[in-house]
1. Can you pull out the strands (runs of 3 or more DSSP E) entirely within segment 3-91 that have at least 2 residues that are touching a helix residue (DSSP H, G or I) at 6+ places or on another chain (Cβ under 9 Å), surrounded by 10 or more Cβ atoms within 10 Å (Cβ to Cβ) and without any contact (Cβ under 8 Å) to a residue 60 or more places away in the chain?
2. Among the candidates 50, 26, single out the residue that is in the same structural domain as residue 77 (by TED's automatic domain parsing), under 14 Å from the mean Cα position of the chain (by Cα) and within 30 Å of residue 65 (Cβ to Cβ).
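The values are calculated or read from the model by the stated rules, or taken from the named source; none is laboratory data. In this text the structure is predicted, and so the values were computed from the model without any measurement. Here the Cβ is made from the backbone with ideal geometry for all residues, glycine too, and neighbour counts use every protein chain on show.
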């Protein structure tokens, strides 16, 4: 009986370390990924975005995995949705 209790106490620090790791690293990362995915699904024509490369653009057309964005009056490019960093609200871009 004492051997089983000793075995549990040996793994207790490892379990505590895993719990800390989960709540400080894994859980917030999953929450951020969920928020980013919801933002990507919510993109629509006319939205202002910032790409991971730092370019500000306006969405022209949304597709399944890609979006067409307008960088200026003449340049329209196709961008993978994964490279959208954030959606800019109208009051933010000055």
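1. Filter on segment 3-91 gives 66-70, 84-88.
2. Sole residue among the options that is in the same structural domain as residue 77 (by TED's automatic domain parsing), under 14 Å from the mean Cα position of the chain (by Cα) and within 30 Å of residue 65 (Cβ to Cβ): 50.
Conditions (1) within 28 Å of residue 65 (Cα to Cα); (2) at pLDDT 90 or above, marked per residue:
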| position | (1), (2) |
| --- | --- |
| 1 | no, no |
| 4 | no, no |
| 8 | no, no |
| 12 | no, no |
| 17 | no, yes |
| 30 | yes, yes |
| 35 | yes, yes |
| 38 | yes, yes |
| 43 | yes, yes |
